[in-house]
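Asks: Following this message is one structure expressed as structure tokens.
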Amino acid sequence: MTAKAPLSWEEYAGLDATGLAGLLRSGDVSVQELAAQARAAVSKVNPAINAVVEVFDDAIAEPRVSEGPFMGVPMMMKDLGSRMEGRAQEAGYSWLKGFIADEDDPLTANFRSAGFNIIGRTTTPEDGMAGVTETLGFGITRNPWDLARSAGGSSGGSAALVAAGGLPICSASDGAGSIRLPAAWTGLIGLKTTRGRLPLPLGTHEAIMPSASEGIVTRSVRDTAYVHELLTRRSQGSGFMPYPEDTSLAESLSPSDRKLRIAVSTGNWSRPDTVPADAIDAVLHVADWLVDAGHSVEAVDDQQICDFEQVYASYRIANWIAPLGRWIPELAAACGVTLTQDNTSNQTLQLIEAAKDISLHDFLAAMETNATTTRQWGQFWDRGFDLLLTPTLGDVCPPVGSDYALSSQLPYDEFFGLSVDLCRYTLPANDSGLPAISVPAGLDGNGCPLGVQFYAPWCRERDLIWMAATLERASPQHFSQLAPLNVVTTE
């Protein structure tokens, strides 16, 4: 069949990845046309939001895609985490040049097998170490809902581009909330999967990167479900975590009369600063809806969940300062680079100095506490809860140039504490390996999106998808919304 004319911008921006795949399947648009339109979409919105590091010209001119179900839908990869054969990855560093991947990492291969046409790279802060995406080398990534505000981090480029309708889906990664955080501030859906459910980059596994998880940001729950089904493929020996062979999430999209027992927590989770009222009100509104829908909803105190102070203290050493403080200087040395204030952010340099004071004993002691907190989470779930509802974040979307950025002049401990304040509700999922999802829940007082988050027990992503799909049907005004700056409104 001869392909028809390219889509209007309203049609292009109004379709999720599943919808675009349907048009490709029917022949209503060709892979080449869709790739060219995606490039044009990026050209329309990226000058304002600065979400893209690179567009791959060859992937636009001659798309080479598999016969997977998404059969040519364009997407971009976050410039951190899983790598692409023959492509650079700079991880937010201006000095990281010349490292070209020899092969696709397993998750990248899964994206290709699913049929996606990977057409470029999206921005991230240095090694994903901040809740906002602002770097010396690549500038500030802005929120298409308000260009004076941040799109979040560390998957800020992916989130900003999807929220502006540039692409229907982009890859993301999450070490302390970096999928869910930008999803919340840009009105998207962000699922952090159970530890080990998706494959990590070659040379790593859950023991080396216990807090890390990769995934996607999307505008529709069905995209979140369908794509994650295709990303779960792992080769033998690639990780430690066993999963049932049935990884279907699509069946959870269907309506049902299930009634769940849901815990609700809006406390400070052992942090000194309170959470903005907008974030609390969004949770309470969803909790009221859950009660009206017949679910059993119970408020729980922070101390009934786990020892959060222990979580943050051990995470600081074992999952952040010790590994990154070793890795970054080694990477720079391999590049022949001397790290200075001119080429590396202030907070990254301070982290490297902080790592020098951490002993092997400190590191091992921090690792050991994880066994305690994961058992505490297990005891919490043993009380019979199906889900836990919380705010996604400890703050609403900030202006660009805030102290959340790696350029902050705060002492490192203060900067890390501020970052933990922001990620108090997301970080424990990374520490414990639990799955969690952020879904849109309206706008804050500044007119920017905010999200609410659901936790589930280990390997219970199906329940998260079911709840997200249920809320999507009940509150469609919060889902699949384009930001005010988008491919339709931008010349």
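Asks: Of the residues Ala277, Ala263, Ala282, which single one is in contact with an Asp or Glu (Cβ under 9 Å, 6 or more places away or on another chain), at pLDDT 95 or above and over 18 Å from Trp377 (Cβ atoms)?
Replies: Ala282
Asks: Looking only at region 308-329, decide whether some residue is of a type outside the set (S, T, N, Q), free of Cβ contacts under 8 Å to residues at least 40 places away in the same chain and over 25 Å from Leu410 (Cβ atoms).
Replies: no
Asks: Cβ contacts < 7 Å: first residue without any contact (Cβ under 8 Å) to a residue 24 or more places away in the chain and more than 26 Å from Asp16 (Cα to Cα), restricted to region 223-241; second residue of a type in the set (A, V, I, L, M, F, W, C) and surrounded by fewer than 16 Cβ atoms within 10 Å (Cβ to Cβ), any location; separation 6+ or different chain. Result?
Replies: none
Asks: Here's something else I'd like to know. Is it true that Val488 is more than 30 Å from Cys306 (Cα to Cα) and at pLDDT 95 or above?
Replies: Yes.
Asks: Also, quick follow-up: Are any residues in region 337-362 more than 14 Å from Asp413 (Cβ to Cβ) and either surrounded by 19 or more Cβ atoms within 10 Å (Cβ to Cβ) or not polar (S, T, N, Q) (or both), and if so, which ones?
Replies: Hits for region 337-362 are Val337, Leu339, Asp342, Thr344, Ser345, Thr348, Leu349, Ile352, Lys356, Leu360, His361, Asp362.
Asks: Here is a follow-up. How many residues are under 21 Å from the mean Cα position of the chain (by Cα) and surrounded by 20 or more Cβ atoms within 10 Å (Cβ to Cβ) if we restrict to region 403-414?
Replies: Total meeting the criteria: 3.
Asks: Surrounded by fewer than 16 Cβ atoms within 10 Å (Cβ to Cβ) and over 26 Å from the mean Cα position of the chain (by Cα): is that true of Ser30 in this structure?
Replies: Against the criterion (surrounded by fewer than 16 Cβ atoms within 10 Å (Cβ to Cβ) and over 26 Å from the mean Cα position of the chain (by Cα)), Ser30 does not qualify.
Asks: Something else about it: For the condition crowded, with 22+ Cβ neighbours inside 10 Å and among the small types (Gly, Ala, Ser), what is the one hit in Ala38, Ala59?
Replies: Ala38
Asks: Among the candidates Gln376, Gln409, Gln453, single out the residue that is over 30 Å from Ser8 (Cβ atoms), touching a Cys at 6+ places or on another chain (Cβ under 7 Å) and either in a loop (DSSP other than H, G, I, E, B) or not β-branched (Val, Ile, Thr) (or both).
Replies: That would be Gln376, the only listed residue that is over 30 Å from Ser8 (Cβ atoms), touching a Cys at 6+ places or on another chain (Cβ under 7 Å) and either in a loop (DSSP other than H, G, I, E, B) or not β-branched (Val, Ile, Thr) (or both).
Asks: Sticking with this structure for a sec: What's the number of the condition Phe240 fails, among (1) modelled with pLDDT under 95; (2) farther than 28 Å from Thr373 by Cα?
Replies: Checking Phe240 against (1) modelled with pLDDT under 95; (2) farther than 28 Å from Thr373 by Cα, the one that fails is (2).
Asks: Restricting to region 319-361, name every residue that is among the hydrophobic types (A, V, I, L, M, F, W, C), farther than 21 Å from Tyr404 by Cα, out of contact with any Ser or Thr (no Cβ under 8 Å at 6 or more places or on another chain) and in a helix (DSSP H, G or I).
Replies: Passing the criteria: Trp327, Leu331, Ala333, Ala334, Leu360.
Listed here are the residues, each with its yes/no results for (1) within 23 Å of Ala225 (Cα to Cα); (2) within 14 Å of the chain's Cα centre (by Cα); (3) touching a residue at least 24 places away in the same chain (Cβ under 8 Å).
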{"site": "Ile118", "(1), (2), (3)": "yes, no, yes"}
{"site": "Thr122", "(1), (2), (3)": "yes, yes, yes"}
{"site": "Ala130", "(1), (2), (3)": "no, yes, yes"}
{"site": "Thr141", "(1), (2), (3)": "no, no, yes"}
{"site": "Arg149", "(1), (2), (3)": "no, no, yes"}
{"site": "Pro168", "(1), (2), (3)": "yes, no, yes"}
{"site": "Asp174", "(1), (2), (3)": "yes, yes, yes"}
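Asks: Turning to a different aspect of this structure: Between a first residue in region 462-491 that is over 23 Å from Ser158 (Cβ atoms) and a second residue that is basic (Lys, Arg) and part of a helix (DSSP H, G or I), which pairs have beta carbons less than 9 Å apart while being 6 or more apart in sequence or on different chains?
Replies: Within 9 Å, the pairs are Glu491/Lys44.
Asks: Here is a follow-up. Where residues in region 429-450 are in contact with a Cys (Cβ under 9 Å, 6 or more places away or on another chain) and part of a strand (DSSP E or B), which of them is surrounded by the fewest Cβ atoms within 10 Å (Cβ to Cβ)?
Replies: Pro449
Asks: Here is a list of conditions, (1) among the small types (Gly, Ala, Ser); (2) more than 18 Å from Ala163 (Cβ to Cβ); (3) touching a strand residue (DSSP E or B) at 6+ places or on another chain (Cβ under 7 Å); (4) not in a loop (DSSP other than H, G, I, E, B), and Ala21 meets all of them except one; can you say which number that is?
Replies: Unmet condition: (3).
Asks: What residue, of Ala313, Ala334, is modelled with pLDDT of 95 or more, within 30 Å of Ala207 (Cα to Cα), surrounded by fewer than 17 Cβ atoms within 10 Å (Cβ to Cβ) and among the aliphatic types (A, V, I, L, M)?
Replies: Matching residue, one of Ala313, Ala334: Ala313.
Asks: Continuing with this model, one more query. What is the one condition in (1) touching a helix residue (DSSP H, G or I) at 6+ places or on another chain (Cβ under 7 Å); (2) at positive phi that Gly98 does not satisfy?
Replies: Going through the list (1) touching a helix residue (DSSP H, G or I) at 6+ places or on another chain (Cβ under 7 Å); (2) at positive phi, Gly98 breaks only (1).
Asks: Hey, can you tell me all the residues within region 431-461 that are more than 20 Å from Gly152 (Cβ to Cβ) and among the polar types (S, T, N, Q)?
Replies: Ser432
Asks: So, in region 363-375, exactly how many residues are of a type outside the set (Ser, Thr, Tyr), under 30 Å from Glu461 (Cβ atoms) and surrounded by fewer than 18 Cβ atoms within 10 Å (Cβ to Cβ)?
Replies: Within region 363-375, residues that are of a type outside the set (Ser, Thr, Tyr), under 30 Å from Glu461 (Cβ atoms) and surrounded by fewer than 18 Cβ atoms within 10 Å (Cβ to Cβ) number 4.
Asks: If you don't mind, another one. Among the numbered criteria (1) more than 24 Å from the chain's Cα centre (by Cα); (2) part of a helix (DSSP H, G or I); (3) over 19 Å from Pro411 (Cα atoms), which one does Val297 miss?
Replies: Failing condition for Val297: (2).
Asks: List pairs: first in region 5-26 and at pLDDT below 95, second outside any helix (DSSP H, G or I), Cβ under 8 Å, 6+ apart or cross-chain?
Replies: Within 8 Å, the pairs are Pro6/Val29.
Asks: Residue by residue through region 64-86, note down the ones that are surrounded by fewer than 20 Cβ atoms within 10 Å (Cβ to Cβ) and farther than 18 Å from Leu230 by Cα.
Replies: If the condition is that a residue be surrounded by fewer than 20 Cβ atoms within 10 Å (Cβ to Cβ) and farther than 18 Å from Leu230 by Cα, then Arg64, Glu85, Gly86 are the ones that fit.
The values are calculated or read from the model by the stated rules, or taken from the named source; none is laboratory data. Here the structure is a predicted model, which means the values were calculated and not measured. When we count neighbours, we look across all protein chains shown, and the Cβ atoms used for this are built from the backbone with ideal geometry, even at glycine.
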